[in-house]
Amino acid sequence: MRTKLVVLVLLTLIISACGSGGGGNTPSITGDSANDSTGGNNGNTSGNNIVAAGEKGSYFPLTAGSTWTYRKSDQVVVTKEVTSDGRVKTNVGGEPPKYSTYTIANNSIVLTLETVSGVINADMVDFTSKYDVSSVGLLVFPSNTTVGNVETSNYTLQVGIDGGGTPVAKTATLTVVGTETVQVAAGSFNAIKIQEANIVDSVASSPAYSWYAAGVGLVKNGDMELVSYLIK
């Protein structure tokens with residue numbers, strides 16, 4: 001039973017890492033951060049009304065107390081909440097909660113650590129997905145939302161129990177595809193569309209797409225769509 005639970009949780013962390021997503025140094029991110037147009041301009045990429053990454057009004061708000069509820073095509077409910085210490089708590093159905101730590105580097109959002117706590121034989125165990133090896137993190141939102149902008153992060157992912165596991169070299173590339181009006185359960189949003197491509201051990205995965213609305217955050221990712229939200 002212990003082995004099955006360990007494998008299940010580790011697989012969940014690895015899959016979420018490939019589909020997304022702490023140290024003192026700036027993560028290894030490449031891309032043009034000039035003329036940054038991220039912010040509360042409702043999808044307008046002219047560069048006006050710039051809002052700093054993570055702030056209320058930006059495409060990726062991380063203000064404490066903010067919450068989002070999503071629904072997947074299989075009706076599984078996903079909830080996200082920014083905790084008082086700035087982490088993002090994610091609940092997927094009945095799975096143990098996942099806590100994600102983000103940092104802001106050159107006005108981009110970088111994922112540095114994910115932790116899931118689970119119980120095995122009455123013992124509490126922390127399953128960690130670490131992105132902060134050598135102070136390098138996973139780029140999850142670009143510094144510049146101008147259409148055509150491409151930014152890349154080279155990072156090391158280490159997944160294991162209580163900080164263990166073997167580091168794996170990865171590359172994530174984000175491309176700002178354009179702006180679209182997206183209709184989801186929570187309403188209609190003027191959003192930017194971002195393509196994410198990952199390379200793990202020289203093997204490229206199929207591109208994934210996400211849509212973000214200014215002042216709201218993620219409204220759609222694959223088969224997951226926003227149902228309700230509250231931005232503090």
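Considering only Cα-Cα distances, which of the following residue pairs are longer than 18 Å: 89/232; 80/220; 80/232; 98/170; 80/170; 72/170? Violating the 18 Å limit, Cα to Cα: 98/170; 80/170; 72/170. The simple Förster model, with R0 at 22 Å and r as the Cβ-Cβ distance, assigns residue 195 and residue 95 a FRET efficiency of 0.20. In this rough spin-label picture, where each label sits 7 Å from Cα along the Cβ direction, the residue 231-residue 202 distance is 4.4 nm. Note on residue 223 and residue 73: their simple-model spin labels are 0.5 nm apart, each label 7 Å out from Cα toward Cβ.
We did not get these values from a lab; they are worked out from the coordinates using the rules stated. Quick caveat: nothing in here was measured; it's all calculated off a predicted structure. Glycine gets a Cβ as well: all are built from the backbone with ideal geometry, and neighbour counts include every protein chain shown.
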